[in-house]
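See below for the structure under consideration.
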Amino acid sequence: MTPLGGPTSEIMGGLSKPPKPPALGAPRGVRGRTRQSRGAPRSPDSLTGAETIEPALVASTAARDREPGATASRCVCATARDAGRAHWLDRLMPVSVGVVTFIALSATLRNGFVEWDDPVLITGNEAYRGLGWRQISWMFGNILMGHYVPITWLTLGLDYVLWGMRPAGYHLTNLLLHAANAAMFWLVALRLLTAATRLSSHALHVAATATALFFALHPLRAESVAWITERRDVLSGFFFFLTILLYLHSARQRGHTYWVWQGLAWLTYLLAILSKSIVMTLPVVLIVLDFYPLRRLGPDWRSWLRRPAWLVWREKIPFVALGLLAALLGYYGQAANRYLTSLDQVHWTDRPALVFYSVWFYVAKTFLPLGLAPLYELPARVDPLAWTFLGPALGVVAITVTVLALRRRWPAGLAVWISYGVMIAPVSGAVHAGHQLAHDRYSYLSCLGWALLVGAAVGAFVQLVQRRALTRVVAHAGTVALAAAFLGLAVLGSQQVEAWRDTETLWRTAIDARPDCAICEQNLGVHLFKQNLLDAARGHYERALALRPDRIKFHYNLGLVFAQVNDLPRATVQFARVVKERPDDVQALMNLGVALMKQRRAAEGLVHLRRAMMLKPDDSLVLSNLGLALTETGNAAAAVGVLQRAVASTPDAAGGYHALMRAHLALGNVEAARTAHDALGRIDPARARALAPLLAVEW
């Protein structure tokens, strides 16, 4: 099987060139150049072969089964028919790839929102809802959750205009964008494989189809497609592919037209950046493409500094400037939201281990896509000598040595490896943010090169079948195996999409795939807690703590469960653990104070509530609980002042009026208590009715 750009590829720029195919109509056994009479001028074909090699392959393939001596006119007709069929396929196949992608992953249309970033970005966020000036100005002025993505917000605003808060509409947009990306990648693949290989027209179209489907149906794509939050992935991918198509087209233009197409490529690259900054490394990828397979840069690096290469470098200046802008936006968004992992958590000497892990992870999951999960959790300690990190490091070194050793015979391998490494670098862990070792979505663009290699291998197989170089049994077995492999990818991709159907399904799938994921257990526990399934939630919280006792937030959530079932002593222990580690955690201080109050330890609780008020002096809930504590400790007069601040800061907070009524009753101010009760009745009639007997007794 011939690899992409392997020994049989047409190599330009001083590297070895393969022998020319036999002349059409030549007797069997005759190889190389056709005979020429001495002194006769050489034909243009005999000078280089670079421009005629593919038509010769197409013609010779079409004429394979003809008898010797077939007329040249018949060959010309066959070539014309092949060209017409190729033109027809160029239009039909990308559309077909998009349709297949849409159908294969259509299960996402039944999915809902999930409680993982969606509540902050979508379901709980009213700022993006619409396309008015107020919404658009917000879209271009925020870095919510660490990303500056105004173009992504525009599409979400349009979704709201069209669909309201029905999740199927948002999923439809994601799926349509992904299907469009698959179609555009087919066009990109056809051009790159044409430049890199000597495949026949039919084999090229099959190779491009295999490339696009391997990318589009792969289960690693599910996270980007099925998670509404990751609209930024599929949208930035859309403009990424469009930029490459425009760039490839511009490379074949001259003069004014060339710069027009380049300008369009710069514009679409800017749109990609404003959709998600992960496309920051595209300029380096374009340079790799210029080296191979476009060969706009020769194999001798010294030629890159000479005048013929200046145009290649000059056109990259806007791309590089935009790439730097993307890098700055990406870093600023993460730093401003305090998402960057500190050196105390992962020291700089341990970060190369994260890089090796990431680089190996996506290669391994590309070719063995099993055990996929929404989160691959960062361990409490990164040990570079542990096999979890040492094994990937050895694998990355082995691949690097291999592609370097084969760089002349197989330049495609080196080109794919460099472009992959460059594209995964921003999320590889060198600059780390979050709680993850890896995320499936990071493979969306970075693994395109692997899809190209797979497509080239499929194309080489098809060409061997065309040339009858394989036995019938091997050809049939290979065809069945390829069909089964792609069908398997489609099935796995559809299943992975369904894992994102709802929050409970998502985290149960994650726990099944990664039983050691403490955050997965924690997130499932939070979901069950919200469903008032307290025993089930407690079980997941305790398993999460068993896996990662160092995570303070887990103690807080377990304390909430204990408080909810009125197990106040154990709730107090958990909240006290949080306050010890985080003395400025207002929620923990408040809940610890309330738990102590309910155990008739109001004086102790008052200490924590006072500190909470110092940290958040205008928080209505903190003020309400502090007022209750003051009332319980016999200082109702001070409580009234605190509670009046509570109801002033949040007039629709029922708890403040409840506490204010109790404080007035403690002071014997019945009329004031009735006034607070009336206000409570307008906000929470049920609670007001329950408290009415207190007023009746006092009256």
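The values are calculated or read from the model by the stated rules, or taken from the named source; none is laboratory data. For clarity, every value in this text was computed on a predicted model and none was experimentally measured. All Cβ positions, glycine included, derive from the backbone under ideal geometry; neighbour counts span all protein chains shown. These area figures cover heavy atoms from the full protein model, side chains too; ligands, DNA and RNA do not enter into them. Shrake-Rupley method; radii C 1.70, N 1.55, O 1.52, S 1.80 Å.
Relative to the dominant Cα principal axis of the chain, helix 316-336 is inclined by about 20°. The string of couplings for segment 366-375 from the Karplus curve (6.51, -1.76, 1.60, θ = phi - 60°) is 5, 9, 9, x, 10, x, 6, 8, x, 8 Hz, one whole number per residue in order, with x for Gly and Pro. Overall, the chain carries a charge dipole of about 3100 debye about its Cα centre when +1 sits on the Cβ of Lys and Arg and -1 on the Cβ of Asp and Glu, all other atoms neutral. The separation of segment 441-518 from segment 191-211, counted between C-alpha centres, amounts to 19 Å. Our Cα-only numbers for the chain put the radius of gyration and Dmax at 32.7, 128 Å. Projecting the Cα atoms of THR509, TRP410, ILE273 onto the charge dipole of the chain (Cβ charges, centred on the Cα centre) puts TRP410 farthest toward the positive pole. Think of segment 288-375 as having a plus end and a minus end, set by charges on the Cβ of Lys, Arg, Asp and Glu; of TYR332, LEU322, THR349, LEU322 sits farthest toward the positive end of this dipole.
The residues of the chain expose, per residue, 47 Å² of accessible area to a 1.4 Å probe.
With all pairs of separate Cα atoms included, segment 395-507 yields a Kirkwood hydrodynamic radius of 17.4 Å.
Taken along the Cα-to-beta-carbon direction at a fixed 7 Å, the label points for SER106 and ASP90 span 3.1 nm.
Summarising the amide proton neighbourhood of TYR376: residues at separation of 5 or more, or on other chains, whose placed amide H is nearer than 5 Å comprise LEU437, ALA438. Going through segment 225-267, which trypsin sites (Lys or Arg not before Pro) have at most 12 other Cβ atoms within 10 Å and a DSSP loop state? For trypsin sites (Lys or Arg not before Pro) across segment 225-267 that sit outside H, G, I, E and B with at most 12 neighbouring Cβ atoms in 10 Å, the list reads ARG252, ARG254. Here the 3J(HN,Hα) profile of segment 429-442, calculated from phi with Karplus coefficients 6.51, -1.76 and 1.60 at θ = phi - 60°, is x, 4, 10, 9, 9, x, 10, 10, 7, 7, 9, 4, 5, 5 Hz, Gly and Pro shown as x. Holding the Cα-Cα limit at 27 Å, pick out from LYS276/LYS580; LYS580/LYS616; LYS553/LYS616; LYS316/LYS365; LYS276/LYS316 the pairs that are longer than that. From the list (LYS276/LYS580; LYS580/LYS616; LYS553/LYS616; LYS316/LYS365; LYS276/LYS316), the Cα-Cα distance tops 27 Å for LYS276/LYS580; LYS316/LYS365. Scalar couplings 3J(HN,Hα) for segment 106-112, obtained by applying the Karplus form with A = 6.51, B = -1.76, C = 1.60 to θ = phi - 60°, are 5, 4, 5, 5, 8, 7, x Hz; x denotes Gly and Pro. Relative to the longest principal axis of the Cα atoms of the chain, helix 255-273 runs at roughly 30 degrees.
The fraction of accessible area contributed by carbon and sulfur in the chain is 62 percent, rounded to a whole number (1.4 Å probe; ligands and nucleic acids excluded). Charging the Cβ of each Asp and Glu at -1 and of each Lys and Arg at +1, and nothing else, the dipole of segment 87-159 about its Cα centre rounds to 200 debye.
Remark: segment 553-699 carries a charge dipole of roughly 360 debye about the Cα centre, counting +1 on each Lys and Arg Cβ and -1 on each Asp and Glu Cβ. In degrees between 0 and 90, to the nearest 10, how far off the longest principal axis of the chain does helix 602-615 point, with axes built from Cα atoms? Around 50 degrees separate the two axes. When the convex hull of its Cα atoms is viewed from all sides, segment 225-292 shows a mean projected area of 4.8 nm².
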